[in-house]
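Since the structure comes first, as structure tokens, the remarks are kept for the end.
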Amino acid sequence: MQWETVIGLEIHVQLSTRSKIFSGASVAYGAPPNSQACAVDIALPGVLPVLNRKAVEYAIRFGMAIGATINSPAIFARKNYFYPDLPKGYQISQLEHPIVAGGRIIIRTEDQEKIIHLTRAHLEEDAGKSTHEGFHDKTGIDLNRAGTGLLEIVSEPEMCSSAEAVAYARTLHSLVRWIGICDGNMQEGSFRCDANVSVRPAGSNVLGTRCEIKNLNSFRFLEKAIDYEVTRQIDTLENGGSIIQQTRLYDADRDETRSMRSKEDAHDYRYFPDPDLLPVIISGEWIEQIRSELPELPEGRRNRYIQDLSLSPYDANILTATRELADYFEQTVQLLPEQGKLCANWIMGEVSGRLNKEGLEIDQCPVNPKQLAELLLRITDGTVSGKIAKDVFDSMWQGNGDSADAIIDAKNLRQISDDSEIEKWVDEVLAANQQQVADYRAGKEKAFNFLVGQIMRMSKGKANPAQVNVLLKKRLAV
Amino acid sequence: MTLSLSDIKRIAKLAHIEINEADAQQSLIQLSGIFNLIEQMQAVDTQGVKPMSHSRDMVQRLREDIVTESDQRMRFQSIAPQVEDGYYLVPKVIE
Amino acid sequence: MLNASLRQLSSLLSAKKISSTELTAEFLTRIKTLNADLNAFITVDEEKSMNQARTADEMIAQGRSTPLTGIPIAQKDIFCADGWLTTCGSKILSNFISPYDATVVKQFDQAGMVNLGKTNMDEFAMGSSNETSYYGPVKNPWDRLAVPGGSSGGSACAVAARLAPAATGTDTGGSIRQPAALCGVSGIKPTYGLVSRYGMIAFASSLDQAGPMAKSAEDLALLLNIMVGFDERDSTSLQREKEDYTRDLEKSVSGLRIGLPKEFFAEGMSSDVSSAVEAALAEYRKLGATFVEVSLPNSKLAVPVYYVLAPAEASSNLSRFDGIRYGYRTAQYANLEDLYIKTRAEGFGDEVKRRILIGTYVLSHGYYDAYYLQAQKLRRLIAEDFTKAFTQCDLIMGPTSPTVAFNIGERCNDPIQMYLSDIYTSAASLAGLPGMSIPVGFGSDKRPIGLHIIGNYFREAQMLNIAHCYQQATNWHELAPPETNC
């Protein structure tokens, strides 16, 4: 039988606020255990939550970025369950009237584009962390993370492969960083994926029983866990078994998913509106203000690069993968408006390559967009060749903010386009390489390249290569 | 509506309160009586009435995103049943 | 001194005729003598109180005093007070030394008042007789066979027996007003949102409201001036301009329209309560007030609605008591689950467990709509009844409690009978309206009777005015229980 896969993702995005969503404790990562768990976070008797404006603003910003509806009033509800890292015995979350409803994002896999609709995105507080090692037969509870603001983003079950799921997660990851609501640090748990996976006979319009795979903290694990789970489900069904709705955990060491808890003892969360928190009214003006402050989004920028700068979709996708890279490109191309392709090639080639090699991020790049643009300008106006430009770039990288012109002058790298000077080198090289001249004349094209190389070497790379070509041909034709 | 003994046990489990057979029986009797009183609510047709979660129609105030709390772990953990190296301790949690 | 009003104490203190240390010591001595029997206080800490008294004396000496500086006040044990054992009447908090102050406690501290100790209460404020306290029942100082009412029974008893000039209480469905009535003192529950709930251990968050208990309306007004105020730590705290609640005390009540809900006078009220309330109304007629019959048709459902909503919120509010971060933890446990269920089974008393079970049930899957949601809808209908009534009258009056104080032990095994003690008070709580009780006489066994006054939102000054006028014309509020030798 042919099977098709249905995947929906729930992604928890940790909001990059300074303080927690309902308390004034810091959310900074890596503090000593429980040193950032204030009276509200450890749920002392009598304490009360007060909502962080920034968390609401970030949720609205996200809603605007995906073309969603903002619910006003938005309502907070309590999700009741007992767990040692949940100090109140309930999590403040949202059920009915989540702050963000609907919306959509475009994902791209190798050759196709697809729209994925979002169900909702709601605000909630994070739980603390349990440490199972280091306390013998005990578990240690650190509540520093408890109360950190999260935006839980829920997609419709519209993805049909692990590749699509990964593309969706990557697009979302890029977007939340782009609009500045999350640092996207997956190691630190700032961006956590749960996948709802089911399979059904191809062509069926009934959803199969789904399993939820929890806590997939890398794109690679997301892909592998889904692939494993899909195979497991299909195998089970083809062997006459049935799928039990359950929560499963991905074990990266064994590359498998295994059951965490089954539906039988699923919690009855007893959601109800939190009486300590009132309806959140979000005015149209506030929404408009946030919308107006929204940066140009990756999708818009990508399309602009294709249309206005004639970049290929491939290049445009790469350059808009992160806000930082896109801004770097943007700032460079603004100084060289006619040279989109050249800027793109350099940033995707020389700049990215060098960053990769040295393990740096684009915002740590030693060569700033202005420096780069000035250098590229010298290529376009013929001052230096592309090859020399790479040397200049290298100097800039190691230097202390010197401009391209300063380096070119200091190192005397200006391209030589004076015919008589180049002719001198041509003559010298021809005289010294009779054999190659003969080879060329005998039809060996390769010999020509050798001669060009020799001339360039003699000129220390400064001879204008185009002119070298022309003059050499002329001489050889004689 | 009639409550059963298994209802009592189910909700005691949800509420994480240990309950023995005798107490469950006793609770069943008392809760059944209370629910008889509560059942009076069903006599009123409330179709179209908006539920009221708060005593007045108030609106949530928003806090500025400022860190106002400092580390008070020593103080807070001095009243904790069991701590080690700054962590609260519980019996090993098995996932 | 024991019978003195807050104004009298205030002028004695500011004239330096007495010091706060003297005054505090006198009340502490009296607590030492009488509390063993009355059980009004769970915690008394002479050293802490006397330190505060000394600070108050310094404030007075340096001319930094406020009207109530140096006057002791008893705090219901539901308020967290830094360094004080704060039990909320429960075993589960029997070792909880609070590491922080409730806003209310801080407000009194800043005013220079002296914390005289923590008063007994029904466990987690769940009860109408103070019998659910882990620390034993409180006796009614007027008749020690009787309950003081609840849940603020210790506070009511302390004020009535002159163990404290004033006390704080909290009211979720009648917990200030009913014990005030049963102990013959005055108490007011302000409009929901006026007094901060921060640091007040939550029972039912959408209903809980703190208020003062004292001998007279005038004392209540002075105390409200301290307690009412915006608190940024409480999302339900209201941002309003500061009021002086004493401003209208002396106003004439002539022409005020008093609404009498026919439902409050229909059935269930005992004859002694009925005649005392009628006599009080007659007094108001003499003072020039007029009466109008109003109707609160849905108020008869207030008790069932209350016993769905309050337990629902409580079941969630009390989940934090798990023996992990503070409070009681069971001695023996095999695993985590065992730790939870034993700690909570041993730490909570029967009534609290009962309400947690009710609340868990009404929120659970499949029952939410029929119970919780239906109760929320009825809550709106109950509130709307009041809105309509207040178009016809300025204030509403009736009995606070259908009977005088009952005997200790009498209703312990009959929760429903106990719940019906809130029959007149819970409707105003559901609507978030201010309510108060003032003593208006005695009934069978010479047990006190209270008059219930419900005002419109934010009309506390008017309520205090009408209560004060009555107290100028009568002296019920000045009477102290004979056996306490005042």
Among B:VAL90, B:VAL83, B:VAL67, the single one that is over 24 Å from the mean Cα position of the chain (by Cα) and within 7 Å of another protein chain (Cβ to nearest Cβ) is B:VAL67
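Can A:TYR90 be described as within 13 Å of chain C (Cβ to nearest Cβ) and touching a residue at least 40 places away in the same chain (Cβ under 8 Å)? Give the steps one after another, and end with the answer.
Numbers: within 13 Å of chain C (Cβ to nearest Cβ): yes; touching a residue at least 40 places away in the same chain (Cβ under 8 Å): no.
No: the conditions fail for A:TYR90.
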Assuming C:ALA25 fulfils every condition listed in (1) away from chain B (no Cβ under 14 Å); (2) open to solvent by 10 Å² or more (accessible area, probe 1.4 Å); (3) closer than 30 Å to C:ILE408 by Cα; (4) not in a strand (DSSP E or B) apart from one, which condition is it? (3)
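Results for (1) more than 17 Å from the chain's Cα centre (by Cα); (2) modelled with pLDDT of 95 or more; (3) within 10 Å of another protein chain (Cβ to nearest Cβ), shown as yes or no for each residue.
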site	(1), (2), (3)
C:THR391	yes, yes, no
C:MET397	yes, yes, no
C:ALA405	no, yes, no
C:SER437	no, yes, no
C:ASP445	yes, no, no
C:ILE466	yes, yes, no
C:CYS469	yes, yes, no
Among the residues that make up the range C:316-328, is at least one of them closer than 23 Å to C:THR403 by Cβ, small (Gly, Ala, Ser), touching a strand residue (DSSP E or B) at 6+ places or on another chain (Cβ under 8 Å) and within 14 Å of another protein chain (Cβ to nearest Cβ)? no
Check whether at least one residue in the range C:265-275 is part of a loop (DSSP other than H, G, I, E, B) and open to solvent by less than 10 Å² (accessible area, probe 1.4 Å), and report yes or no. no
Selection from the range C:348-366 of residues away from chain A (no Cβ under 11 Å) and part of a loop (DSSP other than H, G, I, E, B) yields C:PHE348, C:GLY349
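Sort through C:MET397, C:MET463 and tell me the only one that's part of a helix (DSSP H, G or I) and buried (at least 21 other Cβ atoms within 10 Å of the Cβ). Explain how you work it out, then say what you get.
Details: C:MET397 fails: part of a helix (DSSP H, G or I).
None of the other options fit; the residue is C:MET463.
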Report whether or not A:PRO98 is within 14 Å of chain C (Cβ to nearest Cβ) and either more than 27 Å from the chain's Cα centre (by Cα) or closer than 18 Å to A:HIS12 by Cβ (or both). no
When you scan the range C:234-262, how many residues do you find that are within 14 Å of another protein chain (Cβ to nearest Cβ) and more than 18 Å from C:THR103 (Cβ to Cβ)? 0
Listed residues C:GLU337, C:GLU313; which is within 11 Å of chain A (Cβ to nearest Cβ), more than 22 Å from the chain's Cα centre (by Cα) and among the acidic types (Asp, Glu)? C:GLU337
Look through C:PHE79, C:PHE27 and report the one residue that is farther than 30 Å from C:ASP322 by Cα and among the aromatic types (Phe, Trp, Tyr). C:PHE27
Of the conditions (1) open to solvent by less than 70 Å² (accessible area, probe 1.4 Å); (2) at pLDDT 95 or above; (3) of a type outside the set (Val, Ile, Thr); (4) within 26 Å of the chain's Cα centre (by Cα), C:GLN8 clears all except one; give me its number. (1)
Out of the residues in the range C:372-382 meeting the condition of being of a type outside the set (D, E, K, R) and open to solvent by less than 10 Å² (accessible area, probe 1.4 Å), tell me which one is nearest to the other protein chains (Cβ to nearest Cβ). C:GLN376
Among the candidates A:SER190, A:SER161, which residue alone is open to solvent by less than 10 Å² (accessible area, probe 1.4 Å) and of a type outside the set (Asp, Glu)? A:SER190
For C:ASP77, which of the numbered conditions (1) of a type outside the set (Gly, Ala, Ser); (2) more than 12 Å from every other protein chain (Cβ to nearest Cβ); (3) touching a residue at least 60 places away in the same chain (Cβ under 8 Å) fails to hold? (2)
Go through (1) crowded, with 23+ Cβ neighbours inside 10 Å; (2) of a type outside the set (A, V, I, L, M); (3) more than 11 Å from chain C (Cβ to nearest Cβ) and name the single condition A:GLY67 misses. (1)
List, please: which pairs have Cβ atoms under 6 Å, are six or more places apart or on different chains, and start with a residue in the range C:437-463 that is within 25 Å of C:PHE390 (Cα to Cα) and polar (S, T, N, Q) and end with one that is part of a helix (DSSP H, G or I) and open to solvent by less than 20 Å² (accessible area, probe 1.4 Å)? C:SER437/C:ARG177; C:SER437/C:ALA180; C:SER437/C:ALA181
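The values are calculated or read from the model by the stated rules, or taken from the named source; none is laboratory data. Since the model is a prediction, treat every value here as computed from it, not as a measurement. Cβ atoms come from the backbone with ideal geometry, glycine included; neighbour counts cover every protein chain shown. Remember, those area values only see protein heavy atoms, side chains included, never the ligands or the DNA or RNA. Shrake-Rupley method; radii C 1.70, N 1.55, O 1.52, S 1.80 Å.
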